[in-house]
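This report concerns only the one structure given below.
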Amino acid sequence: MVYTISGIRFPVVPSSVHKPSQSSFHGDRSMTSSLSFFLNNNYSFSRKTLAVKVSHDSDSTSSTIAEYDEVLVPEDQDNSSSLTDQLETPDITSEDTETTSVSVDRKLKMQIDEVKPKIIPPPGTGKKIYEIDPFLQPHREHLDFRYAQYKRLRAEIDKYEGGLDAFSRGYEKFGFTRSSKGITYREWAPGAKTVALIGDFNGWNPNVDEMIRNEFGVWEIFLPNNVDGSPAIPHGSRVKIRMTTPSGIKDSIPAWIKFSVQAPGEIPYNGIYYDPPEEEQYVFKYSQPKRPKSLRIYESHVGMSSPEPKINTYANFRDDVLPRIKRLGYNAVQIMAIQEHSYYASFGYHVTNFFAPSSRFGTPDELKSLIDRAHELGLLVLMDIVHSHASSNTLDGLNLFDGTDGHYFHPGSRGYHWMWDSRLFNYGSWEVLRYLLSNARWWLDEYKFDGFRFDGVTSMMYTHHGLEVTFTGNYNEYFGFATDVDAVVYLMLVNDLIHGLFPEAVTIGEDVSGIPAFCIPTQDGGIGFDYRLHMAIADKWIELLKKQDEDWRMGDIIHTLTNRRWQEKCVAYAESHDQALVGDKTIAFWLMDKDMYEFMALDRPSTPLIDRGIALHKMIRLITMGLGGEGYLNFMGNEFGHPEWIDFPRGDQHLPNGSVIPGNNNSYDKCRRRFDLGDAKYLRYRGMQEFDQAMQHLEESVNFMTSEQQYISRKDEGDRVIVFERGNLVFVFNFHWTNSYSDYRIGCLYPGKYKIVLDSDDAMFGGFNRLDHTAEYFTSDGWYDDRPRSFLVYAPSRTAVVYALADKVEPVPAKP
């Protein structure tokens, strides 16, 4: 009896820790009948344990099987010790190039890389930040210390590991690596007393494949090929390691596992040895797009991307959702919940297996197919990567991996996030740095992601994690004893790595604190991100939506949208997945509430609440894109005002005090995206979707988000009007709830004839069609609102209109 998950067949066995008697094996490793369909019968009992000497030379990626040698981190050193205490790592060199742990595809990629060498630039002086921001001068002691730590680490990685390039290829040394002679498995677990590799391939017998430990706490074993040349562990086999630890005997999924699956009826996940035959491996066909001048990001979640109440797949997302994203005019898709997470309702943020793509949605090769299809469409694929914390699960995660509290994480309370119920990495640990840097590179190298959105960066950078703290902008809040310098230096290193080896890759940091130099290159003393998420904007809109229109202040809106640091790029958004979660409301739901259930059909009369909601929904999104940053993000479905909220399937939760938090009966009804609503011609959602599409295509045609010409000429509190310029465009927003203004003069820089290129009041966008799109607007000389020229317009109430020089920009077509 077998069950199938995404094309892989697994045997059904009585227990995940099934231990057959020795009589089950008769010298040739013949398996019990329940496993015979899955495993090869020609297994030898002979298990000579060998060590691998791995070259850290950047020009060599070969692994050589040799007699046992001692490598890596010394046994007698505390896991939480500082980096300087852990640097007696010997230089490991290769003695043979006969075998290799890289796949054929990786060899090909490496050959291409040899033609175009990628270089991680050395550290600079780190002083330019003081020219960019003179207010940093009083904090020079802290910043110079931070940069000295960063430079020291770079130098020590160069000395002991052969550089960041070699250091970040940990996945070629740890976990499972296969050569022509067999499979090597290696794991860092200094706290373990004994370790054995167990799984389907050896009947889960911990006495068969015992591993040997070196003085640095690294356990390893070499499994030679079977006599017929087949690998000792068949593709698709379940694997774990059994460890005798200070906390007792435990079975763990390998830390570097590339795939893991939850079997039907079981709670803990099982590690899967994923090594499909060459003919079954996905081969990328399309080159990765170049980084666009301005980012328009479609934030998405594969599992909830179906209109049906179910978990969607990589294949369906590839075939159904990616073409939609392209049609809507976005140039990047940001995918959440890629790293394996045992708790679906964590939205992917409680990661259990960092190198494994989530098996809920399909296989690793199906994910590669999705990414390749996106590249064919010209879309960047950004991954929502979680290096800020990890799941507290002990059965299928990293927590207490080797039985000690301070293995990958800080010991004690510093290693626990009380609000998230998760573990916090020790960024001062040499092996943790290897693990996380390798993880970032793995996703870029193996899956060809085009960059990352780093989650929870504020939590990383401060020992208080941003909890119960209000950031006021005082620089003392950023540079002091509350700053986790080790974490900040890690962020500098990972940005160095990404931008050096993958120059077109994009890094976005989720930071709410507003720390200076966040998006300044590391060579200049900054942390090195390309973009910061402008998180204050969404909070401001929610704050305003709780008020009456009369209480909105134009200056307040402008200040929030433009309050960002000079020379540091931001990704703006009116709402992301955070605002859609249960317990909160989307902008559309804040605006229209229960009227959305009954009055969104075009064959029914509208209501004042619906009219107001649709109008402001469009205005909020356009002004956010127009002023909020150099990039824009939208969570899937919100482009058309997706109703209701997101609620993952969950059962009742029984608390230790006896109280019960009711679940939703494990329903998927609120864990899906009703794209059919935005497509339906008979619903008002369609107009909001058409407007968002037109907005994206206008930005694509002129890149107004990155235009150097920016000027806000009017923020009139009485008229409730905002006017600003970006490039050759003039944006006019009238937030007044009743007043429309004829012959309304607006200032501009460039002379000539202007025409309407985008109008939120267009009938096709659900508006009232109060403007003539054939009209032409001619400028007149003379200063107005501090602009050298001006022209007259009609500004209807609750509308946003974009004007452009007629010979510069073509109007957005009705059907892009």
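The values are calculated or read from the model by the stated rules, or taken from the named source; none is laboratory data. Keep in mind it's a predicted model, so treat the numbers as computed, not measured. Cβ atoms come from the backbone with ideal geometry, glycine included; neighbour counts cover every protein chain shown. Remember, those area values only see protein heavy atoms, side chains included, never the ligands or the DNA or RNA. Shrake-Rupley method; radii C 1.70, N 1.55, O 1.52, S 1.80 Å.
Applying 1/(1 + (r/R0)^6) with r as the Cβ-Cβ distance of Ser287 and Lys159 and R0 = 35 angstrom yields a FRET efficiency of 0.45. Sites listed here are chymotrypsin sites (Phe, Trp or Tyr not before Pro) in the stretch 721-816 whose DSSP assignment is loop and whose Cβ has at most 14 other Cβ atoms within 10 Å: Phe768. Distance from the C-alpha centroid of the stretch 559-579 to that of the stretch 280-338: 23 Å, rounded to the whole angstrom. Among the trypsin sites (Lys or Arg not before Pro) in the stretch 182-245, those located in a DSSP loop and surrounded by at most 15 other Cβ atoms within 10 Å of their own Cβ are Lys193.
Taking a sphere under 13 Å around the Cβ of Lys715 and counting the other residues whose Cβ falls inside, with K and R at +1 and D and E at -1, yields a net charge of -3. Could you tell me the distance between the Cα centroids of the stretch 366-386 and the stretch 752-797, to the nearest Å? Answer, in whole Å: 39.
Charge dipole of the stretch 175-254 (Cα centre as origin; +1 on each Lys and Arg Cβ, -1 on each Asp and Glu Cβ, all else neutral): 140 debye, rounded to the nearest 20. Checking every one of the GluC sites (Glu not before Pro) in the stretch 618-719 against DSSP loop status and a limit of 13 other Cβ atoms within 10 Å picks out Glu708, Glu717. Each Lys and Arg Cβ is given +1 and each Asp and Glu Cβ -1; about its Cα centre, the stretch 726-816 then shows a dipole of about 140 debye. Per residue, the accessible area of the stretch 190-322 comes to 35 Å², computed with a 1.4 Å probe over protein heavy atoms only. Per-residue Karplus couplings for the stretch 290-301, computed as 6.51 cos²θ - 1.76 cosθ + 1.60 with θ equal to phi - 60°, are listed in order as 6, 5, x, 5, 10, 9, 10, 9, 9, 6, 8, 9 Hz, Gly and Pro entered as x. The label-point distance for Thr470 and Asn739, in a model that sets each label 7 Å from Cα toward Cβ, rounds to 3.2 nm. Computed over protein heavy atoms with a 1.4 Å probe, the accessible surface of the stretch 708-805 works out to 41 Å² per residue. Amide H contacts of Ser179 (H built 1.01 Å from N, in plane; Pro and chain starts excluded): Thr184 sit under 5 Å, all sequence-distant by 5 or more or on other chains. Counting only protein heavy atoms and a probe of 1.4 Å, the accessible surface of the stretch 439-589 is 49% carbon and sulfur. Within the accessible area of the stretch 651-736, what % is carbon and sulfur when the probe is 1.4 Å and the other protein chains stay in place? Solvent-exposed carbon and sulfur of the stretch 651-736 make up 44 percent of the total.
Using only Cα positions of the stretch 175-254, each an equal point scatterer, no hydration layer, compute I(q)/I(0) via Debye at q = 0.12, 0.26 Å⁻¹ and quote the log10 values to two decimals. Here log10 of I(q) over I(0) equals -0.32, -1.34. Counted residue by residue at 0.36 nm each, then reduced by the alpha carbon distance between them, the extension gain from Lys546 to Val227 reaches 107.7 nm. Would you grab the residues whose amide H sits under 5 Å from the one on Val351? Only those 5+ places off in sequence or on another chain, please, with H modelled 1.01 Å from N. Amide H to amide H, under 5 Å and 5 or more residues apart or across chains, Val351 pairs with Ser391.
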